[in-house]
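Please treat every number below as a calculation from the coordinates, not as lab data. Keep in mind that this is a model prediction, so the values were computed, not measured. A quick note on method: Cβ atoms are made from the backbone with ideal geometry, for glycine too, and the neighbour counts reach across all protein chains shown.
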Amino acid sequence: MRDIDVCFDDIVGARADYAAALREIERAVWAQELVSPVVLELCRLRIAQILGCATALEHRTPQAVTAGLDEALIEALPSWPTAPCFDRPIRDCLGYAEQLLIDAQGVDDDQARGVIEALGEGGFLVLTYACGLFETTQRARILLNATRW
């Protein structure tokens, strides 16, 4: 482990073309209107919890905060399957995000159908893509020991 304070953006910024492409993808994920930024943020944070990405857990995406992200939901996130503050559509999205992370091949038709009912087909695609982005960038943060967002 490194004892220095590393910023993920500084590392990515060493490759200007890649950094620009990554920022554009992130901007598009958070700017789309098919999936609520709060739902995306809860999925991002749940992925961070499972992976143990402390830097990602500490960060709050501005679009989600603006959309009304509730810190009480974040506190209840580890118990999302039973916590009464999560409704069925959010549970469907969180379960899907977890399954994608743990074993994407294990996503079954009922699980996909629940997300499609909650978000529509376009929203299903956005959530799928976003979860892949969250996983990839968080794993990179962990491997690079990036301690700052």
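Helices that extend 30 Å or more along their long axis by alpha-carbon positions and average at least -0.5 on the Kyte-Doolittle scale are, among the DSSP H runs of the chain, 109-143. For the listed peptides 70-83, 89-102, a ranking on the average number of other beta carbons within 10 Å per residue, highest first, reads 89-102, 70-83. Note on the chain: helix-only mean residue ellipticity at 222 nm, from DSSP H runs of 4+ residues weighted -39500 (n - 2.57) and normalised by residue number, equals -22000 deg cm²/dmol.
When you count the other C-beta atoms within 10 angstrom of each residue and take the mean per peptide, 18-31, 50-63 line up highest first as 50-63, 18-31.
Consider the candidate values (i) 8.6; (ii) 9.2; (iii) 12.2; state which one is mean projected area of the Cα convex hull in nm² computed from the structure displayed. Comparing each candidate, only (ii) matches the computed number.
Evaluating 6.51 cos²θ - 1.76 cosθ + 1.60 at θ = phi - 60° for every residue in segment 80-86, the Karplus couplings come out as 4, x, 10, 5, x, 6, 9 Hz, glycine and proline recorded as x. In plain terms, the residue of Thr128, Thr66 with the fewest other Cβ atoms within 10 Å comes first and the most crowded comes last, giving Thr66, Thr128.
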